[in-house]
Amino acid sequence: MSAASMTTPAATTTTLAPTSARLGAMLTDLRMPTIKRLAGSLCAQSDMEGWPAHRLLEALLEHEINERESRRLDRHRAEANLSPDKRLSSFDFSAVPSVSKAQVMALAEGTQWLERGANVLLFGPPGVGKSHLVSALGHALIDAGRRVLFTRCSDLVQRLQAARRDLRLPQELAKLDRFDLLILDDLSYVRRDQSETSVLFELISERYERKSLAITANTPFSQWGEVFVEPAMTLAAVDRLVHHSTILEMNVESYRRRAAQQGIAPASRKARSTS
Ligand code: ADP
Ligand code: MG
């Protein structure tokens, strides 16, 4: 059993030794807020129960490490920009028979593909769950300790264009490097504009074989000419994206539409039976 789990600071009625001002100041200097908060109660418990010194030290450090880890995950969740409710647990795989649940779970649980900068591409018409599924994957990877950013593709392209205008595109691309997975939602909605598409191409080239991308699109590759304008650029972008990738085809009827129809069906049956 770990030291921290053995020694959850008890809400005792004993008077606790207040952390000395000097100790408090040193812990602030060392940026150890958890130890600072718990030192009083854990030292008192240790004195009372006659712990060996190493046990107290281990307990204090373990609490600090655990809270640090949990704050780090909280920061990653906050920066990721994911919808909180779009998770694997709320995704109904039976609605999309063409997508293998096992394959998605393998991506969610094994993060080796991120080391290789492999990509995930999700295709399908509106409403079939592309954004939901890719967000769910993002949540799972954050839980596994990875950093993820979800953004609408057109928003990111705008941001990169502004950076290019200010001659800081390389710095802006470098900032995105801290994310193991960058989710570009709705590639097909990028406006048809040459300068926009070339920043997107630069992003794809920059991350190639280093950092992963997950892209959702309403249109198959054959129509990406609309997004990249120049055929050579389209070809080069698709080539890089596909080279190490998992492609999830979601060609089913809109989940939204089906849900709406199912919601209406019982009411209309009832209406008929009472008329
Ligand atoms: P798309 O990005 O393909 O347009 P969304 O992911 O936005 O579709 O899905 C539309 C709505 O339907 C969302 O509210 C989403 O949570 C829900 N949805 C879609 N597919 C599923 C599914 N298989 N299981 C649960 N909810 C789903
Ligand atoms: Mg979507």
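Each value in this text was obtained by applying a stated rule to the coordinates, not by laboratory testing. Everything numeric here is computed off the predicted structure, so don't read it as measured data. Cβ coordinates were reconstructed from backbone atoms using ideal geometry, including for glycine residues, and neighbour counts include every protein chain displayed.
Below is a table of values for the structure above.
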| quantity | calculated |
| --- | --- |
| The lone exception for residue 146 - which of (1) of a type in the set (D, E, K, R); (2) surrounded by fewer than 17 Cβ atoms within 10 Å (Cβ to Cβ); (3) outside any helix (DSSP H, G or I) it fails | (2) |
| When residues of segment 113-134 are limited to those that are part of a helix (DSSP H, G or I) and either more than 9 Å from ligand 2 (Cβ to nearest atom) or aliphatic (A, V, I, L, M) (or both), the one nearest to residue 93 (Cα to Cα) | 133 |
| Sole exception among (1) over 22 Å from the mean Cα position of the chain (by Cα); (2) part of a loop (DSSP other than H, G, I, E, B); (3) more than 16 Å from ligand 1 (Cβ to nearest atom) for residue 162, by number | (2) |
| Selection from segment 207-230 of residues that are in a strand (DSSP E or B), among the hydroxyl-bearing types (Ser, Thr, Tyr) and within 16 Å of ligand 1 (Cβ to nearest atom) | 216 |
| Contacts under 7 angstrom Cβ, first residue in segment 73-96 being more than 7 Å from ligand 1 (Cβ to nearest atom), partner hydroxyl-bearing (Ser, Thr, Tyr) and not in a helix (DSSP H, G or I), 6 or more apart | 81/151 |
| Residues of segment 83-96 satisfying the condition of being surrounded by 15 or more Cβ atoms within 10 Å (Cβ to Cβ), in a helix (DSSP H, G or I) and within 16 Å of ligand 2 (Cβ to nearest atom) | 95 |
| Enumeration of residues in segment 97-112 that are within 13 Å of ligand 1 (Cβ to nearest atom), touching a residue at least 40 places away in the same chain (Cβ under 8 Å) and in a helix (DSSP H, G or I) | 104 |
| Odd one out for residue 115, checked against (1) within 16 Å of ligand 1 (Cβ to nearest atom); (2) under 20 Å from residue 215 (Cβ atoms) | (1) |
| Checklist (1) crowded, with 20+ Cβ neighbours inside 10 Å; (2) not in a loop (DSSP other than H, G, I, E, B) applied to residue 179, failing item | (2) |
